[in-house]
Amino acid sequence: MRLRFKSKKNEAVKSSEAYQLERKRTDSNYLLVLPLWIVLIVLLVWGMVILYSVSAATAVIDAQTKAIVPDAAFYVRKQLGFTCIGIIAAFLISRIPIDKFKKPFYMYVIMGGLLALLLATRLFGVTHNGAKRWLNLGVEFQTSELLKVGSIVAYAIYRDWVIRTRAKSAEKNKKMSSPKMHFACVDFLIPVTILLVYDLIVLFQPHTSGFIIIGIIVFVCVLVSGLSFETWIKGMLPYILVGVMAIGVFLVLPENVGIKVKVNDYLHSHFEHVFTRLALSSDDTTLSKDDTMQYDNAFAALGSGGLKGVGIGNSRSKYHYVPEAHTDYIFAIYVEETGMIGGCILIALYMTMFWLCMRVALRAKDIFSRIIAVGYTTMIMIEALLNISVNLQVTPPTGVSLPFVSYGGTAQVIFLCAYGMILCVARSGTKTPYDFDVASDPEFADSEEYDETEDDTKTEEDVKPSAKNVKRKVHR
């Protein structure tokens, strides 16, 4: 009788310990998730104030040339509706366990859907300013924006699938005649080549800034995917050889050769805007005033703000001195109204968001979660950096909007969905100080990385959890 009572007492104590451990782990996750929500809400609210101040004059002026109601809140009202949709989507995505996204079937659906959209844009897309980047399916959107989101999760699924498959067939991998070349092909060449083909379709829309951004995102995702330096070298070698050979042949050919003439004509006819934008940043004197008006007036608006600005709503440059001020050059008008102090506050908000997102990435429990967190953080921050640097005339104009601030309904929803994936990793894809060691937790057995140089196969006794860990197992 005494032994039975003592056993029940020990079970109650262990149950209490497990409960307290779960509470601590949950509270630790809140320390990641809650600050991310706070900085997002602050940035969205402040962004709405900025957008209303900048777009009020644009809405009234556009009513004279476009079929819209002459209402100062026209653009803000539309943006608010898309923002509400995006916040709901971000919240729902964040509540899904991160492991639910690991199914290879999703990778095939994503890549197949993206290919269909890109080809549909090529064939039936809407053309603006000589570029066929938009597809109208009831709502007009750029398919390249979906490629930015889809390429990250597709590559993360592929990398996770490779790691799991390799871990299950460790003995077979050792018997390969050239395993390192096999790893370079499977880990680098295959996924990067497929994503490069998709990216080239975006380039020939033409959409140069989208091509560059997607290339940077893919590079960063591969960089944090745990590949060895040798795999990088062997994977990059074919691209380097093909690139050097193509450039060498092109330089050797005479100017009057047919293929070289056709290539030059294609570049000048489809990418003339790229050469013009590069000339803007190099102070080319051959450019007309029409070419430099938006670029120069936006920079002048920055300087007229001074330290404290002219006041919210008092900008003079937004009255079409800077065309499309509520999209690409919203930062310049914002600094004119709030001064250098306001500009520094907005930059500090983005830096805070970047720091919080990288905290999530550093605590990711596996490669899949790390790629998701780093990839979507890169996607948001690279666009913010490019937009601000263009307004400061550090880089040539790129046509990139300012995340969570610039007007654009579909872009707002896409950015919020991407942020929802970061929240998803913060909630269910991170390790906390209260988690067990990965090697002793059976729940993490399938997510361990396979080392190409060492034998990671374990005996049944090695992976068998102790009785203490079984009793104190934490439900994730």
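Key figures
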| item | result |
| --- | --- |
| Evaluation of Thr286 against (1) modelled with pLDDT under 75; (2) open to solvent by less than 40 Å² (accessible area, probe 1.4 Å); (3) not in a helix (DSSP H, G or I) (one fails), failing number | (2) |
| Search result, residues across segment 193-229 that are surrounded by fewer than 18 Cβ atoms within 10 Å (Cβ to Cβ), small (Gly, Ala, Ser) and closer than 16 Å to Leu114 by Cβ | Gly215 |
| Which listed residue, of Val60, Val49, is at pLDDT 90 or above and either aromatic (Phe, Trp, Tyr) or in a helix (DSSP H, G or I) (or both) | Val49 |
| Residue within segment 43-62 that is exposed (fewer than 13 other Cβ atoms within 10 Å of the Cβ) and under 30 Å from Ser428 (Cβ atoms) present | yes |
| Helices (runs of 4 or more DSSP H) contained entirely in segment 137-248, each with at least 3 residues that are closer than 30 Å to Thr395 by Cβ | 143-168, 190-203, 208-223 |
| Tally, over segment 133-171, of residues that are among the acidic types (Asp, Glu) and touching a helix residue (DSSP H, G or I) at 6+ places or on another chain (Cβ under 7 Å) | 2 |
| Selection count, segment 118-135, where residues are touching a Leu at 6+ places or on another chain (Cβ under 8 Å) and either assigned to a strand (DSSP E or B) or free of Cβ contacts under 8 Å to residues at least 60 places away in the same chain (or both) | 4 |
| Complete set of residues in segment 410-432 that are open to solvent by less than 10 Å² (accessible area, probe 1.4 Å) and out of contact with any strand residue (DSSP E or B) (no Cβ under 7 Å at 6 or more places or on another chain) | Gln412, Phe415, Leu416, Ala418, Tyr419, Gly420, Ile422, Leu423, Cys424, Ala426 |
| Test: residue in segment 323-335 that is farther than 26 Å from Cys84 by Cβ and surrounded by fewer than 19 Cβ atoms within 10 Å (Cβ to Cβ) | yes |
| Test: residue in segment 78-100 that is in contact (Cβ under 8 Å) with a residue 12 or more places away in the chain, farther than 27 Å from Tyr155 by Cβ and not in a helix (DSSP H, G or I) | no |
| Matching entry among Asn297, Asn264 (being modelled with pLDDT under 85, farther than 29 Å from Leu385 by Cα and polar (S, T, N, Q)) | Asn264 |
| Of residues in segment 84-108 being in contact with a Lys or Arg (Cβ under 9 Å, 6 or more places away or on another chain) and crowded, with 18+ Cβ neighbours inside 10 Å, the one farthest from Leu40 (Cα to Cα) | Lys102 |
| Whichever residue in segment 262-274 is surrounded by 13 or more Cβ atoms within 10 Å (Cβ to Cβ) and assigned to a helix (DSSP H, G or I) and, among such residues, is nearest to the chain's Cα centre (by Cα) | Val274 |
| Subset of segment 383-415 [modelled with pLDDT of 90 or more, among the β-branched types (Val, Ile, Thr) and farther than 20 Å from Gly339 by Cβ] | Val413, Ile414 |
| Which listed residue, of Gly305, Gly309, is at pLDDT 85 or above, buried (at least 20 other Cβ atoms within 10 Å of the Cβ) and in contact with an Asp or Glu (Cβ under 9 Å, 6 or more places away or on another chain) | Gly309 |
| Residue in segment 231-242 that is of a type in the set (Lys, Arg) and open to solvent by less than 30 Å² (accessible area, probe 1.4 Å) present | no |
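Condition check ((1) part of a helix (DSSP H, G or I); (2) under 30 Å from Ala154 (Cα atoms)) across all residues:
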position: Ser315; (1), (2): no, no
position: Pro323; (1), (2): no, no
position: His326; (1), (2): no, no
position: Glu336; (1), (2): yes, no
position: Met340; (1), (2): yes, no
position: Leu346; (1), (2): yes, no
position: Leu349; (1), (2): yes, yes
position: Val360; (1), (2): yes, yes
position: Leu385; (1), (2): yes, yes
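The values are calculated or read from the model by the stated rules, or taken from the named source; none is laboratory data. Note that the structure is predicted; figures quoted are calculated from it, not measured. Quick reminder, even Gly has a Cβ in these numbers, built from the backbone with ideal geometry, and neighbours come from all protein chains shown. Surface accessibility is based on the protein's heavy atoms, side chains included, excluding ligands, DNA and RNA. Shrake-Rupley method; radii C 1.70, N 1.55, O 1.52, S 1.80 Å.
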